[in-house]
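Participant: This is the structure I have questions about; it appears just below.
The values are calculated or read from the model by the stated rules, or taken from the named source; none is laboratory data. Because the structure is predicted, anything quoted here is derived from the model rather than measured. Ideal geometry is used to build each Cβ from the backbone, glycine not excepted, and the neighbour counts take in all protein chains shown. With ligands, DNA and RNA removed, areas are computed over all heavy atoms of the protein, side chains included. Shrake-Rupley method; radii C 1.70, N 1.55, O 1.52, S 1.80 Å.
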Amino acid sequence: MNNEQFNIGLMNVICRFCSAYRFQGELLNCCHNGKVHLPSLQECPLLLRRLLECDNHEARNYRDNIRNYNAAFSFASFGADVIMPPGRGPYCFRLQSQLIIEIV
């Protein structure tokens, strides 16, 4: 068994096109030399911003339990119309449009 370490270095290389950080040993270019442009992120909803930034009891409780909330939502179930793809290839679960999870 080979236990040799693989190290791609520190994440301190800044892309000259999009200013993204990448590892020293990373071979791929993050934005293909400026050819890929992603839209700016939307502003965080006010409620979430308050939970992340405020120092009241509710906000501290949220931050203390954020991993538990994430785990609970990751196992939520949802409904979908399953349509088998044509042909004989391997099964692939596909979603189209928007996924909405309802908590009751």
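Participant: Starting from segment 4-58, pick out the GluC sites (Glu not before Pro) whose DSSP state is loop and whose Cβ has at most 14 other Cβ atoms within 10 Å.
Facilitator: Glu4, Glu26, Glu43
Participant: Okay, moving on. How much accessible surface does Leu38 have with a 1.4 Å probe, in Å² rounded to 10?
Facilitator: 150
Participant: In segment 14-46, which trypsin sites (Lys or Arg not before Pro) are in a loop and have at most 14 other Cβ atoms within 10 Å, using DSSP for the loop call?
Facilitator: Answer by residue number: Arg16, Lys35.
Participant: Using 7 Å Cα-to-Cβ label points, what is the Asp64/Met11 separation (nm, one decimal)?
Facilitator: 2.8
Participant: Leaving ligands, DNA and RNA out of it, rank Phe73, Phe6, Phe23 by accessible area with a 1.4 Å probe, largest first.
Facilitator: Order by accessible area, largest first: Phe6, Phe73, Phe23.
Participant: Of Tyr62, Tyr21, which has the most accessible area and how do the rest follow, probe 1.4 Å?
Facilitator: Working: Tyr62 50, Tyr21 140 Å².
Ranked from most to least accessible, the order is Tyr21, Tyr62.
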